[in-house]
Amino acid sequence: MTKPTHSRREFVAATATAAALGVFGTAGLSAVSAFATPQPQPFVPAAGLIPYGSAVRAGALESDPAYREAIVANCQMVVAEGEMKWADIRPARGEYRFEKADAIIDFARQNRLEVRGHTLAWYGGLPDWTNEISSRAEAERELVDHIKTVVSRYRGVIPSWDVVNEPLVDFPESAASLRPSVWTRQLGPDYLSIALRTTAAVDPAARLVLNEYDVEFKGPRFAARRKALLQLLRSLRDKDVPLHGVGLQAHLFADRDIDRDGLQAFLNELAALRLDVLITELDVVDYELPGKVSERDALVARKAGEFLQAVCDVVRPKAILTWGLSDRYTWVPIYFKRPDGMPNRPLPFDADLKRKPLFDVIEQFRRRPA
Ligand code: G3I
């Protein structure tokens with residue numbers, strides 16, 4: 001269920017993008033260089049655009065009309081930032097609470113937005129009662145029951161799920177280096193195939209995605225993560241476990257270089273495995289960037305542009321989503337507050353819902369002809 005992009009909005013956006021890149025490219029050439037050289041943007045029919053979307057919060061959608069309108073005006077898809085995680089859906093054992101998730105589904109339906117599902121099997125976002133799960137049989141029963149209940153509720157409404165989220169430890173040695181959780185403790189690596197097979201059985205039409213972070217950068221740690229993830233994906237494929245795509249979360253960091261060669265080699269391996277690529281949680285953690293807003297915004301856009309250039313030069317992502325639309329609602333300060341106390345600016349629109357260069361960059365790449 002994808003909302004056809006309004007031709008007027010597309011035309012206006014394309015014009016604004018070209019203009020912004022023009023001004024932006026000239027004014028900020030030192031800061032943005034490479035990809036921002038103003039080029040006439042070929043008009044790509046809406047059908048040919050890479051869909052853009054954002055993580056959303058049910059509470060903000062309800063209480064913040066300007067935010068809600070900005071989502072509707074600029075997104076073709078949304079994903080619940082938290083409302084479809086175990087902690088929100090399963091606050092108590094044996095209880096399912098769908099009000100917040102349903103509110104996002106209703107909002108998406110009213111505004112013809114596609115919804116991505118996030119997430120079914122993760123070490124995080126779990127309610128405390130899951131710590132009481134103490135056997136393999138119990139863990140499998142809870143995981144399978146959760147997936148059957150949630151995925152069947154949204155069958156035909158959510159066409160793409162982050163079934164498995166962040167399976168690897170931060171410094172993996174191999175595919176066996178799985179992040180400890182109730183699932184690995186009780187089920188070992190089988191939790192991945194149980195989650196994926198159950199989702200496929202409940203909704204055979206759903207696209208099943210494994211979502212991971214920190215595979216975008218230069219450095220031995222990130223190369224090891226790409227290698228371990230590839231090993232994990234191949235092991236799933238060798239066991240005929242259903243999987244259709246990989247989500248690159250793309251939480252970028254200003255002080256980390258994009259590993260163009262390493263990332264492209266990884267993406268070519270995904271293509272060889274016939275796995276789709278989605279950019280699922282793009283933002284740029286800016287806590288170490290200069291305080292001057294115009295300079296910081298340009299550097300954020302440049303970092304994202306370098307990443308999108310590296311990806312889009314080898315594959316066509318099925319979607320580009322940012323982990324929030326506006327700096328008004330971002331997770332980043334939870335862990336990465338700026339030492340100067342200024343608000344973080346990781347997202348395409350600022351806290352006043354003013355469009356930023358990052359949005360122009362995303363628009364540029366989603367328009368690239370297939
Ligand atoms: O809703 C409660 C509120 O009632 C309570 O007063 C408050 C203080 O304890 O917590 C609120 O819940 C918080 C929730 O976000 C809603 O804001 C949780 O503590 C907090 O842990 C939770 O953080 C989320 C985090 O995932 C864990 O679920 C972030 O918002 C969310 O952006 C983040 O998203 C993750 C993706 O799922 C996976 N990839 C990384 C990404 C960023 O960490």
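The values are calculated or read from the model by the stated rules, or taken from the named source; none is laboratory data. These figures come from a predicted structure and were not determined experimentally. Glycine also receives a Cβ, built like all others from the backbone with ideal geometry; neighbour counts cover every protein chain displayed. The accessibility values were calculated without ligands, DNA or RNA, using every heavy atom of the protein model including side chains. Shrake-Rupley method; radii C 1.70, N 1.55, O 1.52, S 1.80 Å.
Give me the residue from the stretch 299-334 that is part of a helix (DSSP H, G or I) and open to solvent by 10 Å² or more (accessible area, probe 1.4 Å) and, out of that set, nearest to the ligand (Cβ to nearest atom).
Here the answer is Ile334.
Listed here are the residues, each with its yes/no results for (1) surrounded by fewer than 19 Cβ atoms within 10 Å (Cβ to Cβ); (2) among the basic types (Lys, Arg); (3) within 16 Å of the ligand (Cβ to nearest atom).
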| site | (1), (2), (3) |
| --- | --- |
| Ile147 | no, no, no |
| Asn165 | no, no, yes |
| Leu187 | no, no, no |
| Asp203 | no, no, no |
| Leu208 | no, no, no |
| Glu212 | no, no, yes |
| Arg221 | yes, yes, no |
| Arg234 | yes, yes, no |
| His244 | no, no, no |
Review point. Do we have Glu363 as surrounded by 22 or more Cβ atoms within 10 Å (Cβ to Cβ) and not basic (Lys, Arg) here?
Key: yes
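Give the residues of the stretch 335-370 that are within 13 Å of the ligand (Cβ to nearest atom) and without any contact (Cβ under 8 Å) to a residue 40 or more places away in the chain, sorted by residue number.
Scanning the stretch 335-370 gives a single hit, Tyr335.
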Check your understanding: Residue check, Arg225 against (1) away from the ligand (no atom under 16 Å from the Cβ); (2) touching a residue at least 40 places away in the same chain (Cβ under 8 Å), all met but one. Which one?
Key -> (1)
Check your understanding: Just one of the numbered conditions (1) under 30 Å from Pro343 (Cβ atoms); (2) without any contact (Cβ under 8 Å) to a residue 40 or more places away in the chain is not true of Tyr287; which one?
Key -> (2)
Review point. Given Ile194, Ile147, Ile133, which one is under 22 Å from the mean Cα position of the chain (by Cα) and not charged (D, E, K, R)?
Key: Ile147
Check your understanding: Based on what the data block shows, is Gly291 more than 16 Å from the ligand (Cβ to nearest atom) and either closer than 17 Å to Glu216 by Cα or open to solvent by 70 Å² or more (accessible area, probe 1.4 Å) (or both)?
Key -> no
Practice item. Could you check, for the stretch 269-287, whether at least one of its residues is within 21 Å of the chain's Cα centre (by Cα), of a type in the set (Phe, Trp, Tyr) and open to solvent by 20 Å² or more (accessible area, probe 1.4 Å)? Key: yes
Review point. Taking the stated definitions as given, is Ala139 modelled with pLDDT under 95, more than 29 Å from Ser54 (Cα to Cα) and surrounded by 15 or more Cβ atoms within 10 Å (Cβ to Cβ)?
Key: no
Check your understanding: For the subset of the stretch 89-101 comprising residues that are more than 14 Å from the ligand (Cβ to nearest atom) and surrounded by fewer than 16 Cβ atoms within 10 Å (Cβ to Cβ), which member is nearest to Asn74 (Cα to Cα)?
Key -> Tyr96
Check your understanding: Do the conditions hold for Ala73, that is, is it open to solvent by 40 Å² or more (accessible area, probe 1.4 Å), away from the ligand (no atom under 16 Å from the Cβ) and of a type outside the set (Lys, Arg)?
Key -> yes
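When you check Trp86 against the structure, is it open to solvent by 10 Å² or more (accessible area, probe 1.4 Å), modelled with pLDDT of 95 or more, aromatic (Phe, Trp, Tyr) and within 22 Å of Gln186 (Cα to Cα), yes or no?
no
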**Study point:** Count of residues meeting criterion [surrounded by 21 or more Cβ atoms within 10 Å (Cβ to Cβ) and more than 16 Å from the ligand (Cβ to nearest atom)] in the stretch 106-132
**Key:** 2
Check your understanding: Any residue in the stretch 253-266 that is at pLDDT below 95 and open to solvent by 10 Å² or more (accessible area, probe 1.4 Å)?
Key -> yes
Exercise for review: Look at the stretch 232-259 and say how many of its residues are more than 21 Å from Val300 (Cβ to Cβ) and charged (D, E, K, R).
Suggested key: 5
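Kindly check whether there is at least one residue in the stretch 352-363 that is under 23 Å from Thr119 (Cβ atoms), among the β-branched types (Val, Ile, Thr) and in a loop (DSSP other than H, G, I, E, B).
No, because not a single residue in the stretch 352-363 is under 23 Å from Thr119 (Cβ atoms), among the β-branched types (Val, Ile, Thr) and in a loop (DSSP other than H, G, I, E, B).
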Practice item. State whether one or more residues within the stretch 168-180 are charged (D, E, K, R), open to solvent by 30 Å² or more (accessible area, probe 1.4 Å) and not in a loop (DSSP other than H, G, I, E, B). Key: no
Review point. So is Trp183 crowded, with 17+ Cβ neighbours inside 10 Å, closer than 22 Å to Trp323 by Cα and aromatic (Phe, Trp, Tyr) or not?
Key: no
Review point. For the stretch 233-266, which residues satisfy the criterion of being of a type in the set (Val, Ile, Thr) and outside any strand (DSSP E or B)?
Key: Val241
